[in-house]
Amino acid sequence: FPGLSICARKQKKNTLFSCSPPHLSLSLSLPLSPPLSLSFSLFSLSLFFSKGEKQEMTSHGLDVASAVIGWLYFAAWSISFYGQIITNCQRKHVKGLSFDFLLLNTLGYICYTTYNCTLFFDPTARKDPATNPIEPNDVAFAVHALVITLFTVAQCFYYPRGGQRISWIAIGTACCMVVFMVIISILGATSVLQWYQSLTFLAYTKMFASFVKYVPQGWMNFKRKSTIGWSIMNILLDFSGGSLSIVQQVIDS
């Protein structure tokens with residue numbers, strides 16, 4: 001067997017055995033009879049292979065756990081969008097929902113969907129799984145999130161808005177994000193930046209949107225002294241999904 005060395009020689013009535021697999025080094029000099037010597041060698045071999053099987057089972061178990069957690073946070077994040085849609089349908093208006101939040105959220109998910117889908121479906125990126133962390137649940141969530149966010153935007157055009165509009169601060173922030181996205185896309189298309197670097201900058205844009213998008217909603221709730229019109233399910237499931245995502249990254253590392 002590769003990596004396994006067994007030798008035997010007689011010294012008067014003693015037989016010397018040496019077993020040295022890559023991770024097991026054992027050398028004994030005992031007065032053993034030939035049957036006992038064979039039994040001891042077989043035991044050493046079974047010990048070596050049982051350790052390998054355990055390592056393989058542990059690795060497979062971690063892969064399964066990572067996949068299950070991935071789909072769990074996909075479910076938590078995906079369901080979080082429906083609370084706001086249901087609230088809007090029940091109240092027949094969108095008063096209490098920040099349009100600034102929706103604008104920033106939409107731009108963020110455009111970047112996120114572009115990043116995930118490009119990395120997942122590009123043949124070159126899929127050749128190196130070590131540098132491509134995108135899983136099928138990531139793509140499914142990104143596409144689903146963008147579609148549901150656009151549906152929520154459509155609700156704002158359909159239902160009464162109560163005089164609400166997008167603030168100039170949000171418009172200016174969104175314009176800066178769009179300009180940045182266009183510049184990065186041009187630099188990537190002209191090979192000034194590598195395509196992977198361009199996608200990474202889009203991911204950073206999504207991170208920026210995630211950091212600032214709740215600020216307008218929190219400010220609106222503070223001014224109104226009320227959270228009526230804003231679904232708390234969004235926050236609770238968003239937090240749960242983020243926590244599970246971190247757990248998956250720890251398992252995969």
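The values are calculated or read from the model by the stated rules, or taken from the named source; none is laboratory data. From a predicted model like this one, the values you see are computed outputs, not experimental measurements. Neighbour counts run over all protein chains shown; Cβ positions are idealised from the backbone, glycine included. We work out accessible area using only protein heavy atoms, side chains counted, and drop any ligands, DNA or RNA first. Shrake-Rupley method; radii C 1.70, N 1.55, O 1.52, S 1.80 Å.
Table for the structure above
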read-out	value
Neighbour net charge for residue 112 - beta-carbon separation under 13 angstrom, K R +1, D E -1	+1
Using a Förster distance of 45 Å, the FRET efficiency for residue 212-residue 60 (Cβ separation, nearest 0.05)	0.65
Exposure of residue 147 as accessible area (Å², to 10), given a probe of 1.4 Å and all protein chains	90
Separation of the residue 227 and residue 71 label points, Cα + 7 Å toward Cβ, nm	3.1
For residue 151, solvent-accessible area (1.4 Å; no DNA, RNA or ligand), Å²	110
Qualifying trypsin sites (Lys or Arg not before Pro) in the stretch 150-253, DSSP loop, other Cβ atoms within 10 Å at most 15	161, 165, 225
